[in-house]
Amino acid sequence: MPDVFTIGYANRSIEQFIALLRDNSITAVADVRSIPFSRSSPEFNKDSLKQSLDHVGVAYVFLGKELGARTEDAECYSFGRVEYDRLAATSLFQAGLDRIQRGSLTRRIALMCAEKEPFDCHRCILVGRHLSERGLRIVHILGDGQLEEHSATMRRLMQFLRVSDAFGSEREDEKVSIAYRIQAERIAFKMNSIEAEQASLWR
């Protein structure tokens, strides 16, 4: 059985979202959004979502401080963009991973964020990567409700990025690392120029 699932709520109603949780016997949702609110889908705002999940017996925990991609730690930014490797090395992020790992022993956890496609989201490229490297089996619930092993998601990403074509002489594990790096650069949060300037004043 998978140790941890991931799911994105984009383009889903709350009823569809809960149905997918039930289909996969999820008993706890770990919200890894840095900002747990949605203008377009207010039913997924933190308090509303918690109430809906409580109603069907699914636990909700907000882990955006620990595992969110929009960190408040200025040391994790380079030229205004979050560096995932720096973020992953912080004690706060590692504590978040510890909490998920412990929770997975007694709960069927789904990491939740907004994006439909797993490899377009930090739940896969950042959190899923490091849970996988700890030995946990990660499975993504896709947009159509199908399940996909994390390793298969990474193979799709390498095909999408054409990593195998561009780095054909590299070992497979090295090509996976290249794919992680390239995708992290594509999706990592980046401050606008005003935010970056303000942040630099405090460093």
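The values are calculated or read from the model by the stated rules, or taken from the named source; none is laboratory data. As the structure is a computational prediction, the values presented were derived from the model and not from experiment. Glycine gets a Cβ as well: all are built from the backbone with ideal geometry, and neighbour counts include every protein chain shown.
For region 94-113: of the residues being buried (at least 16 other Cβ atoms within 10 Å of the Cβ) and either among the aliphatic types (A, V, I, L, M) or in contact with a helix residue (DSSP H, G or I) (Cβ under 6 Å, 6 or more places away or on another chain) (or both), which is farthest from MET191 (Cα to Cα)? The qualifying residue farthest from MET191 (Cα to Cα) is ILE109.
Which of the residues spanning region 69-105 are of a type in the set (Lys, Arg), more than 20 Å from VAL139 (Cα to Cα) and in a helix (DSSP H, G or I)?
Taking region 69-105 and keeping what is of a type in the set (Lys, Arg), we get 70, 81, 86, 99, 102.
Okay, now just the ones that are also more than 20 Å from VAL139 (Cα to Cα), so 70, 81, 86.
Residue satisfying the conditions is ARG86 alone.
For CYS113, the stated conditions hold: it is under 15 Å from the mean Cα position of the chain (by Cα), modelled with pLDDT of 95 or more and farther than 12 Å from VAL4 by Cβ.
Taking (1) aliphatic (A, V, I, L, M); (2) under 19 Å from HIS150 (Cα atoms); (3) free of Cβ contacts under 8 Å to residues at least 12 places away in the same chain in turn, ALA89 satisfies each apart from (2).
Hey, among the residues in region 122-180 that are part of a helix (DSSP H, G or I) and among the aromatic types (Phe, Trp, Tyr), which one's farthest from LEU105 (Cα to Cα)? Explain how you work it out, then say what you get.
Going residue by residue through region 122-180, those that are part of a helix (DSSP H, G or I) are 122-133, 150-161, 163-166, 172-180.
Checking which are among the aromatic types (Phe, Trp, Tyr) leaves us with 160, 180.
Values: PHE160: 34, TYR180: 27 Å.
By that ranking, first place goes to PHE160.
Checking GLY143, GLY128, GLY168, GLY103 one by one, the residue that is within 25 Å of SER34 (Cβ to Cβ) and modelled with pLDDT under 95 is GLY143 and no other.
Of the candidates ASP31, ASP23, the single residue that is touching a residue at least 12 places away in the same chain (Cβ under 8 Å), crowded, with 20+ Cβ neighbours inside 10 Å and charged (D, E, K, R) is ASP31. Of all the criteria given as (1) within 30 Å of ASN192 (Cα to Cα); (2) outside any helix (DSSP H, G or I), the one not satisfied by GLU66 is (2).
Any residue in region 23-41 that is among the aliphatic types (A, V, I, L, M), assigned to a helix (DSSP H, G or I) and more than 22 Å from THR153 (Cβ to Cβ)?
Here is the first cut: in region 23-41, the ones among the aliphatic types (A, V, I, L, M) are 26, 28-30, 32, 35.
Now restrict to residues that are assigned to a helix (DSSP H, G or I): none.
No, the conditions are met nowhere in region 23-41.
Run down TYR77, TYR9, TYR84 and say which single residue is touching a residue at least 40 places away in the same chain (Cβ under 8 Å) and in contact with a His (Cβ under 8 Å, 6 or more places away or on another chain).
Details: TYR77 fails: in contact with a His (Cβ under 8 Å, 6 or more places away or on another chain); TYR9 fails: in contact with a His (Cβ under 8 Å, 6 or more places away or on another chain).
Just a single option satisfies the conditions, and that option is TYR84.
Residues that are surrounded by 17 or more Cβ atoms within 10 Å (Cβ to Cβ) and among the hydrophobic types (A, V, I, L, M, F, W, C) within region 34-52 comprise PHE44, LEU49, listed in sequence order. Cβ separations smaller than 7 Å between residues 6+ apart or across chains give the following pairs from region 179-203 residues that are exposed (fewer than 14 other Cβ atoms within 10 Å of the Cβ) to residues that are among the aliphatic types (A, V, I, L, M) and at pLDDT 50 or above: TRP202/ALA74; ARG203/ALA74.
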